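Read-outs: derived from the displayed coordinates by stated rules, not from any lab. As the structure is a prediction and not an experimental result, all values here were calculated from the model. For neighbour counting, all protein chains shown are included, and Cβ atoms are generated from backbone atoms with ideal geometry for every residue, glycine included.
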Amino acid sequence: MKKIAILGSTGSIGTQTLEIVRYNRDIQVTALAAGSNIRLLEEQIREFSPSLACVWDEERAAELRVKVADLDVKIVSGMEGLMEAATEPSAEIVVTAVVGMIGIRPTIAAMEAGKDIALANKETLVTAGHIIMPLAEKTGVRILPVDSEHSAIFQSLQGAGENQVAKILLTASGGPFRGRTKEQLADVRVEDALKHPNWSMGHKITIDSSTMVNKGLEVMEARWLFGVKMDQVQVVIQPQSVIHSMVEFADGAVIAQLGTPDMKLPIQYALYYPERRFLPGGRLNFWELSQITFEKPDFENFRGLSLAYEAGRTGGSLPTVFNAANELAVSLFLNRKIGYLTITEMIEAAMANHRTIENPDVDQILAAERETYEYIKEKWALS
């Protein structure tokens, strides 16, 4: 029986991972970690019987200890607890589905403990790809992508051997505001930005998808995962979300992965790789599929994508600044403290203010994050 730990078990990826566990019945969950949703975490503990569970907030962890006092489960908290969950001795695969740069240290700890990583936390590679990928090679662990686009690329590369990749074609739906001008985006409300046309995701990533910042993060992630240059990753708008990404080889051949917009497919593929299991759910019907269309991204009105390429080409600590500025800005937007277009303005200002460190270690990466937060709060007079 395969044994896994899930970091971020109460979020969108975490809950869908547990649906796969529930259906297949041949995976044992040894550790769970969540932010503050102890009601759902308690339900998960009672159903899946992990030996360890982590809650980020210590007060909530104390509450949970009381609630599960009748069970044989250790409750831990904070970064120390997250590291313990990531290195739970019997787990073979760690699903890293926490949101944000909080995922870097636990991912590194899991890799050093010899765990394969089912990677759903894109910030880890965006900010620390220069650390993570060499570590994967050194430790011999596998980085198995869970993002739908990166899973599609990974699947398209199966059987490619040493054949040279010319280009990665990273697809995007274009989000809910595809085709709008900057003027039309000025009055976007939180409710509007949370209405993704194709995918059901968490709030933060849904906002990122609407600004195209998410696609920029995915370009940087792909650069590290597949060992290519930033400019070898080309974003293509594919509004129907049928083609999840493509790979072009040196001879001009293009291989694509197609499917319904269901995150359980890439999650299950990562958990069972290289085996393919039956997955309940819808299937593409090519008789009914009227068209698959493609467009060039709008770099002018969705400037977040342009800034991502700039950060990725520069490298060093600049991708951390891009990511940190976006994380803070999206949080402020979701809390209705700034306007929609201010998200990109904050990213651009923070990048312009930063002095890039060429090859930052983890402490320098986290320091760059803190400095970015402080700069934005001071510049925009935020408490």
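Would segment 221-234 turn up any residue that is closer than 17 Å to residue 302 by Cβ, more than 14 Å from the chain's Cα centre (by Cα) and surrounded by fewer than 17 Cβ atoms within 10 Å (Cβ to Cβ)?
yes
So which of 270, 250, 256 is aliphatic (A, V, I, L, M), crowded, with 17+ Cβ neighbours inside 10 Å and either out of contact with any Phe, Trp or Tyr (no Cβ under 9 Å at 6 or more places or on another chain) or on the phi > 0 side of the Ramachandran plot (or both)? Spell out the reasoning first.
Working: 270 fails: either out of contact with any Phe, Trp or Tyr (no Cβ under 9 Å at 6 or more places or on another chain) or on the phi > 0 side of the Ramachandran plot (or both); 250 fails: crowded, with 17+ Cβ neighbours inside 10 Å.
The conditions single out 256.
Return yes or no: is residue 245 part of a helix (DSSP H, G or I) and of a type outside the set (A, V, I, L, M, F, W, C)?
Numbers: part of a helix (DSSP H, G or I): no; of a type outside the set (A, V, I, L, M, F, W, C): yes.
In short, no.
Within the set of pairs 6 or more residues apart or between chains, which connect a residue that is more than 25 Å from residue 279 (Cα to Cα) inside segment 23-45 to a residue that is surrounded by fewer than 21 Cβ atoms within 10 Å (Cβ to Cβ) and among the charged types (D, E, K, R) with Cβ atoms less than 8 Å apart?
35/57; 36/57; 36/60; 38/60; 38/63; 38/67; 42/67
Looking only at helices (runs of 4 or more DSSP H) that lie completely in segment 248-337, which have at least 1 residues being among the small types (Gly, Ala, Ser) and over 30 Å from residue 22 (Cβ atoms)?
In segment 248-337, the matching helices (runs of 4 or more DSSP H) lie at 303-314, 318-334.
Can you find a residue that is among the charged types (D, E, K, R), in a loop (DSSP other than H, G, I, E, B) and more than 30 Å from residue 109 (Cβ to Cβ) anywhere in segment 356-370? If you could, list the steps in order and put the result at the bottom.
Pass one, segment 356-370, residues among the charged types (D, E, K, R): 358, 361, 363, 369-370.
Now narrow it down to the ones that are in a loop (DSSP other than H, G, I, E, B): 358, 361.
Remaining after also requiring more than 30 Å from residue 109 (Cβ to Cβ): none.
The answer is no, given that none of the residues of segment 356-370 is among the charged types (D, E, K, R), in a loop (DSSP other than H, G, I, E, B) and more than 30 Å from residue 109 (Cβ to Cβ).
Checking the structure you have, find out if any residue of segment 214-222 is among the polar types (S, T, N, Q) and in contact with a strand residue (DSSP E or B) (Cβ under 7 Å, 6 or more places away or on another chain).
Applying the first criterion (among the polar types (S, T, N, Q)) to segment 214-222 yields 214.
With in contact with a strand residue (DSSP E or B) (Cβ under 7 Å, 6 or more places away or on another chain) added as a condition, the list becomes none.
Within segment 214-222, none of the residues are among the polar types (S, T, N, Q) and in contact with a strand residue (DSSP E or B) (Cβ under 7 Å, 6 or more places away or on another chain).
Only one of these conditions is not met by residue 211: (1) crowded, with 22+ Cβ neighbours inside 10 Å; (2) in contact with a Pro (Cβ under 7 Å, 6 or more places away or on another chain). Which number is it?
Tallying (1) crowded, with 22+ Cβ neighbours inside 10 Å; (2) in contact with a Pro (Cβ under 7 Å, 6 or more places away or on another chain), residue 211 fails exactly one: (2).
Take residue 273 and decide whether it is in contact with a Gly (Cβ under 8 Å, 6 or more places away or on another chain), of a type outside the set (A, V, I, L, M, F, W, C), in contact (Cβ under 8 Å) with a residue 12 or more places away in the chain and more than 21 Å from residue 202 (Cβ to Cβ).
On the way: in contact with a Gly (Cβ under 8 Å, 6 or more places away or on another chain): no; of a type outside the set (A, V, I, L, M, F, W, C): yes; in contact (Cβ under 8 Å) with a residue 12 or more places away in the chain: yes; more than 21 Å from residue 202 (Cβ to Cβ): yes.
No; evaluated as a whole, the condition is false for this residue.
Within segment 112-134, count every residue that is part of a helix (DSSP H, G or I) and either free of Cβ contacts under 8 Å to residues at least 12 places away in the same chain or buried (at least 24 other Cβ atoms within 10 Å of the Cβ) (or both). Show your work before the answer.
Restricting attention to segment 112-134, the residues satisfying the condition of being part of a helix (DSSP H, G or I) are 112, 122-134.
Keeping just the survivors that are either free of Cβ contacts under 8 Å to residues at least 12 places away in the same chain or buried (at least 24 other Cβ atoms within 10 Å of the Cβ) (or both) gives 122-128, 134.
Summing the residues that are part of a helix (DSSP H, G or I) and either free of Cβ contacts under 8 Å to residues at least 12 places away in the same chain or buried (at least 24 other Cβ atoms within 10 Å of the Cβ) (or both) in segment 112-134 gives 8.
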